[in-house]
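Novice: What follows is a structure written as structure tokens; I'll ask about it next.
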């Protein structure tokens, strides 16, 4: 275990990518990234892992099974950078989803990587939590809270003074309350992809 991690959490490694992708599919069933499929998720999380700015922790049960993850980066790491570096892998992985639903998938991908919608500013040196997910069977059991604390500890270890995250504005009270209980406060409301209402939340890690 790393000295900056919680008891059940550790840094992610290459061998965790398969399990992380499968946890994502279970935790975010029906969401856009899940619709892009297992192969796309493997490429995406591998790209995060390879990034020098990556903050990537997993929740490991006593049996050794992974049951959750939290991933993000220090400010300065953008989706576009990840997409360009891993472009051939992303293109190959997304082909099945494009063939199934060409218009909505291409539209959403373009909006995501072209930064469509309002821009939210995150100060340099801050950490950005991009995704946190646990197996549905562990919701409410403390795994997500442990992951959030481990992510914050790793961010502080890498000298980040704040953590920022985004979460849906509508029909998302459970997640909003979860982050508020963890010490996060609403910074601003904005539109993602030109239409999706989002909250930007933050927490100070120092002082």
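The values are calculated or read from the model by the stated rules, or taken from the named source; none is laboratory data. Keep in mind the model is a prediction, meaning the values are calculated, not measured. All Cβ positions, even for glycine, are placed from backbone atoms using ideal geometry, and neighbour counts span all protein chains on display.
Novice: Please specify each residue of segment 31-57 satisfying the condition of being within 17 Å of residue 128 (Cβ to Cβ) and in contact with a helix residue (DSSP H, G or I) (Cβ under 6 Å, 6 or more places away or on another chain).
Specialist: The answer is 45, 47, 54, 55, 56, 57.
Novice: Could I ask something else about it? Taking the criterion of being out of contact with any strand residue (DSSP E or B) (no Cβ under 8 Å at 6 or more places or on another chain), at pLDDT below 70 and either assigned to a strand (DSSP E or B) or crowded, with 19+ Cβ neighbours inside 10 Å (or both), would at least one residue in segment 114-121 satisfy it?
Specialist: No, segment 114-121 contains no residue that is out of contact with any strand residue (DSSP E or B) (no Cβ under 8 Å at 6 or more places or on another chain), at pLDDT below 70 and either assigned to a strand (DSSP E or B) or crowded, with 19+ Cβ neighbours inside 10 Å (or both).
Novice: Failed condition for residue 130, given (1) in contact with a strand residue (DSSP E or B) (Cβ under 6 Å, 6 or more places away or on another chain); (2) in a helix (DSSP H, G or I); (3) modelled with pLDDT of 90 or more, with all others met?
Specialist: Condition not satisfied by residue 130: (2).
Novice: Considering segment 12-30 alone, what residues qualify as being under 19 Å from residue 139 (Cα atoms) and touching a helix residue (DSSP H, G or I) at 6+ places or on another chain (Cβ under 9 Å)? Outline the logic, then answer.
Specialist: As a first pass, look at segment 12-30 and keep what is under 19 Å from residue 139 (Cα atoms): 19-30.
Residues satisfying the conditions are 20, 21, 22, 24, 25, 26, 27, 28, 29.
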